[in-house]
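Notes to accompany the following structure.
The values are calculated or read from the model by the stated rules, or taken from the named source; none is laboratory data. This structure is a prediction, so every number in the text was calculated from the model and none was measured. So basically every Cβ, Gly included, is an ideal-geometry build from the backbone, and we count neighbours across all protein chains shown.
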Amino acid sequence: MSTKELTDRGGESMIVNCYKGCYFYRGGFPIPFEEHMKRVEDMALRSDDVILCSYPKSGTHWLWEVISMIVNEDLEYRERERGMDMLDFSPMSLLESIKSPRVLGSHIHFRFLPKEVLTKKPKVVYIVRDPKAVAVSYYNMTFGMKTVRSYDGHVPVKEYNGKWEDYLESFISGEVEYGSWFDHTLSWKQAREDNPDVPVFLLKYEDMKSDPVSCIQKLSTFLEKPNNIERAQAIADACSFSNIKKVNTGTRADGVVWKEGGNMFRKGQSNDWKHWFKVAQNERFEDVLMAKMNKRGVSE
Ligand code: A3P
């Protein structure tokens, strides 16, 4: 069975794709999901590809825009025909047709990436965000979406109508799209340790928020396209939350049909989760963080 219905404790559910014991995207595919994942594993990479990886809602779209501007040496932010090119749900024909240098997004674990990652060694960027902020952002997206992207534009998705407190329990136990944040983050940490010759740049959402210019400069150096402070500032400004939101909302690339009030570019803040977590929920989450990650507070 390549899909599974995940039901929260309030009885509301979402349907996710499954492969090798992990949960993936909610969208329907014109081919069996296993077939799609095998194509991804066998996909040919180019040495100048950049693969941007994350658990969903970690700032992937933001970073994709930043990286695209860096690798294309472009300081002007443009409205795009398509959204982020994702390994997870883009057809192989589309991924192959993209001009180099490609910036390929993905929310999958390292072990599901194209096998050529180990031989071609393209640059990999991994963005991580405070899981409390991720949980809030992901709840809003999961709740709000009536369609998701798939091979052919957007497809309707089974709507999720759960309450925040029930979603949070599902998030903690990993019974959500893309599974456990904790497992995802730990598996990437392990993959970095196991594959030291694969160039992986780790970036924190919160650092990008507090000091985008210095993050963009470090990222540019990693991507071998160094930028001085002025150029890094220009990229930071072009990709600011308000600008990205303004340019993307309602475009073809965004294209998602939302319930009233939904938006991919919601708040763009580090601390909005404080408006959502009750004291007891925060204490519970901190206990889980300690048990699973051996730490408190923001992710590593
Ligand atoms: P919020 O829902 O907290 O607002 P992803 O792209 O991985 O799906 O992540 C989406 C999150 O990143 C959303 O968080 C979105 O608003 C935020 N985001 C997008 N662009 C941003 C930007 N330029 N600056 C800060 N946050 C941004």
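A few points about this structure:
- The lone exception for N248 - which of (1) buried (at least 16 other Cβ atoms within 10 Å of the Cβ); (2) farther than 28 Å from F110 by Cα; (3) modelled with pLDDT of 95 or more it fails: (3)
- Residues in the range 58-83 that are farther than 13 Å from L104 by Cβ and outside any loop (DSSP other than H, G, I, E, B): H61, W62, E65, V66, M69, I70.
- Matching entry among D207, D237, D211, D194 (being at pLDDT 95 or above and farther than 30 Å from R78 by Cα): D194
- Qualifying residue in the range 242-261 (condition: more than 17 Å from R78 (Cβ to Cβ), within 16 Å of the ligand (Cβ to nearest atom), part of a helix (DSSP H, G or I) and touching a helix residue (DSSP H, G or I) at 6+ places or on another chain (Cβ under 7 Å)): no
- Per-region count, the range 186-204, residues in a helix (DSSP H, G or I) and under 18 Å from V50 (Cβ atoms): 3
- Test result for F171, modelled with pLDDT of 95 or more and either surrounded by fewer than 22 Cβ atoms within 10 Å (Cβ to Cβ) or within 20 Å of D85 (Cα to Cα) (or both): no
- Failed condition for W273, given (1) part of a helix (DSSP H, G or I); (2) at pLDDT below 95; (3) within 16 Å of the ligand (Cβ to nearest atom): (2)
- Residues that are among the aliphatic types (A, V, I, L, M) and either free of Cβ contacts under 8 Å to residues at least 24 places away in the same chain or surrounded by 19 or more Cβ atoms within 10 Å (Cβ to Cβ) (or both) occur in the range 118-125; there is at least one.
- Residues that are farther than 20 Å from K209 by Cα and within 12 Å of the ligand (Cβ to nearest atom), drawn from the range 110-139: Y139
- Filtered residues of the range 151-168 (kept if out of contact with any Asp or Glu (no Cβ under 7 Å at 6 or more places or on another chain) and on the phi < 0 side of the Ramachandran plot): Y151, D152, H154, V155, P156, V157, K158, E159, K163, W164, E165, L168
- Close pairs from the range 50-71: first under 20 Å from E96 (Cα atoms), partner among the aromatic types (F, W, Y) and near the ligand (Cβ under 8 Å from one of its atoms), Cβ under 7 Å, at least 6 apart: L52/W64
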